[in-house]
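This report concerns only the one structure given below.
Bear in mind that the values in this text are calculations on the coordinates, not laboratory data. For clarity, every value in this text was computed on a predicted model and none was experimentally measured. When we count neighbours, we look across all protein chains shown, and the Cβ atoms used for this are built from the backbone with ideal geometry, even at glycine.
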Amino acid sequence: MQSSRNRPLPGRSSTPDRRSRPRLEGLEERMLLYSTLGGDWVYGSRITYSFVPDGTSIGGVPSSLFQSLNARMPTATWQREINAAAAVWQAVANVNLVQVSDNGTGIGAPGNQQGDSRFGDIRISAIPLSFGTLGAAYSPPQINGGTLAGDIVFNSTTSWMVDAHYDLMTVAIHEFGHALGMGHSDIGRAVMYSYYTTVKQTLHTDDVDGIRSVYGSRQPDYWNSNGRSNSMYWQAVSLDGSQNAANQITVANLNLTSPGQTEWFWVVVPPTNTGSVTVAVQSTNLSMLTPRVTVFDASLNSRGDAFGSSNSTTAQLTVPGVTAGQGFLVRATAWTGGSTGAFAFQVNFGTTPLTPVAPPFTTVASQTGTGGGLNTMTDGHAEGEEHEHEHEHGLGTVKIGHLSGLGDSLHEPGVAPISPTAAGLLAAGANSRPPGKVEFRLVTAAAADASALGGLSGFTHAVSPAWGFGPMDDASPAWEFQGGFAGFSTVRRRSPAR
Ligand SMILES: [Zn+2]
């Protein structure tokens, strides 16, 4: 990444009278993109999350997750949005996420740091947070120790929406990012940008780079590594004769690492044929994969197709009327919604129902947080007013009731919409000075007219690719615009979110 310090403003060089043009002065600049918090989960192979039942204590404040979100949309809808947010991270990094049940034990109670059987590693709740705060997340181990690590709190008073402001999935992705170890990004289009700017339901490459710096990329399974592949039907892994005494076959530790990937298996009906064969692709309890299974005969005629109803389900189908010695090709892949993840493949020629594959071991006993863990700092933004100090990439204290830990929260932009022209100008400033805490003065020798501003908006587009910025409409809300363009104006970036 090159410095922007001496970058000329395109659109100005060919302009004879510079003093008649608006000029941006960067008073301070810093060049940072994604950031990470310095913590992670010991077992990325299975990180669980749970929806806490209403009334669950968060430092003495009862959660109203179900009541507040059910008032906006059906339970299945908001849970689907949050599940999708988890799947977004799983898709690009070497982690699997799974929703588990939650027994309502108070948030932060003593227990395992990971793999506590009573609730998820990441517990999701909602309470009334301070105005302008959409959600907060406690940082993962080892920054916070104990069960509090990674827990997410949504603002129960926010007008949550699907695909509109404030988009629940957008905020859920951001908070999951913190819970997994991501800090803030300086890129306005990144989901880890410190302010809510627009609906963002996919990761920016900067977010992908960030999460991979913590957990690495998804790793292919045994059948798709070291030169092996079963991604085409003629590469099907033969399971002929590998059934156990119950006439069942289990292949565990499988993994779809990219959207559209397929895995093929070849099964042959044994002499003990009971008249049918059942096949199952299981992500239940294993990952956010939405599984799909398809059976073909040896001539590639489809004999059945099934898919899971949502993330973390099992796609299963039974082919009747089979005969001993008959062979079938079975294709395992993803249905829409959860395109990658860990899974298991099972075949049943017998009469005993299949036993689902158990999840991997992920138990980690409670440990002391390295980042101070629970503490009694009281400047938490979750309960306080706006603070002037900045924690652009660092951690603030999230304090709820008597519960306090290191974490971060996502804020509304808190500014009125500005004109597209102004947005373009502000965005130009954002591009020319990778933002940290940045302040710009817009100097207009002659009143900034439309043509002058137009020259700057060209600059925006000229450097967009270099800086990874797209259209600037989603960067502008993080800026305060003071005054008007018709005269001396000041543009100041809002103090970054904590
Ligand atoms: Zn944040």
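Brief remarks follow.
- For region 222-348: rounded, prolate or oblate by the Cα gyration tensor [a/c cutoff 1.5]: prolate
- Take every DSSP beta bridge whose two residues both sit in region 222-348; close to 95 percent of them are antiparallel.
- Selection among G132, A93, M161 by position relative to the dipole of region 61-203 gives M161 as farthest towards the positive end (Cβ unit charges, Cα centre).
- Packing-based ranking, highest mean first, of 336-346, 149-159, 295-305, 48-58 given that Cβ atoms within 10 Å are counted: 149-159, 336-346, 48-58, 295-305
- Burial ranking of peptide ranges 116-127, 324-335, 238-249 (average Cβ count within 10 Å, highest at the top): 116-127, 324-335, 238-249
- Simple Cβ-charge dipole of region 222-348, Lys/Arg +1 and Asp/Glu -1, about Cα centre, in debye nearest 20: 100
- The mean sequence separation of alpha-carbon pairs under 8 Å and at least six residues apart, normalised by the residue count of region 222-348, gives a relative contact order of 34 percent.
- Peptides 161-169, 351-359, 132-140 ordered by packing proxy, namely the average of other Cβ atoms within 10 Å per residue, highest first: 132-140, 161-169, 351-359.
- Using the Cβ of P141 as centre and a radius below 10 Å, the other residues enclosed give a net charge of -2, where K and R count +1 and D and E count -1.
- Ranking of W234, W41, W223, W89 by count of other Cβ atoms within 10 Å, fewest first: W234, W223, W89, W41
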